[in-house]
Amino acid sequence: MIVKQIWTGNSYRNFNYLIACGETGEALAIDPLDHEKCLKAAKDEGWTITQILNTHEHGDHIGGNEPMVRATGARILAHKNAADKIRGMARGLGAGDVVKVGKTVELEALDTPGHTMSHVCLLSHADQPALFCGDTLFNAGAGNCHHGGHPSELYKTFSEQLARLPASTLVYPGHDYIENNLRFTLSREPDNRRASSMLAELSRQDLERAYVSTLAVEREINTFFRLTSPTVIAKLREAFPDLPENPDPRTVFLKLRELRNRW
Ligand SMILES: [Zn+2]
């Protein structure tokens, strides 16, 4: 499996992706908003885009579909419940469905509600697993739930699916928010040394070659995976004085999501 991360440089800070089969040169484009950059990248590599995967139905993820389909004839894949929201959808995905790219690439669809209720992530089971997580998981952050989502569903997705994936899994999110998110982590956990050193290192990174984290790293720097950290809980109590002595992780997650909204 060959992964090409494409930095759009737009104001939403979207990342688009191409996933290609090294044998046949067939490629799948994930959320190809910047269809021109995606098409050029495929052409430069000698790849043929045959499929488009939309992680979810928001405009900054599906906005490149029509020109991309016109240019390539690619089929559009998305969550099975997104058919009424994504024009031209050819295949609806449910949990466990397999997406094949060429001869050598197989990706598993995960049904990951929370940011919206029809959001899928793709998981590759290669030697080093990789997760294409749209707006569910970001580097050092979690998706918001303002536009058709639900915070408790997002918590379930984090705790029952993402938290159980191998630590070595590479994380490929739909946006670059890492700097802002690390600042949020440090506002919640000022003694998180990994987050502060990473913020210093990445503050002027070249997004054409953006840093790619793993779930092991996320477990250290992402507040939404650090729900039992004593510092996170103590700081949270400053904002929510009635927080119980040993709050359950779900409560901590929901309060953090709430604080992040106003942050
Ligand atoms: Zn979105």
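Taken together, the values in this text are just the output of simple stated rules run on the coordinates, not laboratory data. Keep in mind that this is a model prediction, so the values were computed, not measured. Cβ sites come from the backbone with ideal geometry, for glycine too, and all protein chains shown count toward neighbours.
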Report ³J(HN,Hα) in whole Hz for each residue of region 252-258, in order, from the Karplus equation J = 6.51 cos²θ - 1.76 cosθ + 1.60 where θ = phi - 60°; Gly and Pro get x.
-> 4, 4, 5, 5, 5, 4, 5
Within the set Asn192, Asn246, Asn181, GNM on the chain using Cα springs under 10 Å gives the largest fluctuation to Asn246
Expressed in nanometres to one decimal, the distance between label points 7 Å along Cα→Cβ at Arg262 and Arg209 is 4.3 nm
Size of the dipole of the chain about the Cα centre, Lys and Arg at +1 and Asp and Glu at -1 on the beta carbon, nothing else charged, in debye to 20?
-> 220 debye
Which distance in Å, rounded to a whole number, links the C-alpha centroids of region 46-67 and region 10-36?
-> 8 Å
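With each run of n ≥ 4 DSSP H residues scored as -39500 (n - 2.57), what mean residue ellipticity at 222 nm is computed for the chain after dividing by its residue count and rounding to the nearest 500 deg cm²/dmol?
When only DSSP H runs of four or more count, the value is -9500 deg cm²/dmol.
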Hull volume per residue for region 113-263, using the convex hull of the C-alpha atoms, in Å³ is 110 Å³
Short version: ³J(HN,Hα) in whole Hz for each residue of region 143-158, in order, from phi by Karplus 6.51 cos²θ - 1.76 cosθ + 1.60 (θ = phi - 60°), x for Gly and Pro, what are they?
-> x, 7, 10, 6, 10, x, x, 8, x, 6, 5, 5, 4, 4, 4, 5
When the scattering of the chain is computed by the Debye formula from its Cα atoms alone, each counted once and equally, what is log10 I(q)/I(0) at q = 0.07, 0.09, 0.16 Å⁻¹?
-> -0.24, -0.39, -1.19
Isotropic mean projected area of the C-alpha convex hull, region 52-166 (nm²) | 7.4 nm²
Could you list the residues of region 224-258 with an amide nitrogen less than 19 Å from a label point located 7 Å from the Cα of Arg193 in the Cα-to-C-beta direction?
-> 229-232
Rounded to whole Hz and in sequence order, give me ³J(HN,Hα) for region 13-25 from the Karplus expression 6.51 cos²θ - 1.76 cosθ + 1.60, θ = phi - 60°, writing x for Gly and Pro.
-> 6, 6, 9, 10, 9, 10, 10, 10, 8, x, 7, 9, x
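With a Förster radius of 41 Å, plug the Cβ-Cβ distance of Glu245 and Glu179 into 1/(1 + (r/R0)^6) and report the FRET value to the nearest 0.05. Intermediate values should be presented prior to the final figure.
On the way: r = 34 Å, r/R0 = 0.84.
Computed FRET efficiency for Glu245 and Glu179 comes out at 0.75.
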Which percent, nearest 5, of DSSP beta bridges in the chain are antiparallel?
-> 65 percent
Let me know the shape class of region 1-105, please: from the alpha-carbon gyration tensor, a ≥ b ≥ c as square roots of the eigenvalues, rounded when a/c is under 1.5, otherwise prolate if a/b is greater than b/c, or oblate.
-> oblate
On the formula 1/(1 + (r/R0)^6), with r taken between the Cβ atoms of Ala163 and Glu23 and R0 of 45 Å, the FRET efficiency rounded to 0.05 is 0.85
Listed residues Gly59, Thr48, Met89: farthest to the positive end of the dipole of the chain (Cβ charges) | Gly59
Pull up the DSSP beta bridges for region 42-134 and report the antiparallel fraction as a percent, rounded to 5.
-> 65 percent
Stretch gain in nm, segment Ala234-Glu45, where the contour uses 0.36 nm per residue and the Cα spacing is subtracted | 63.0 nm
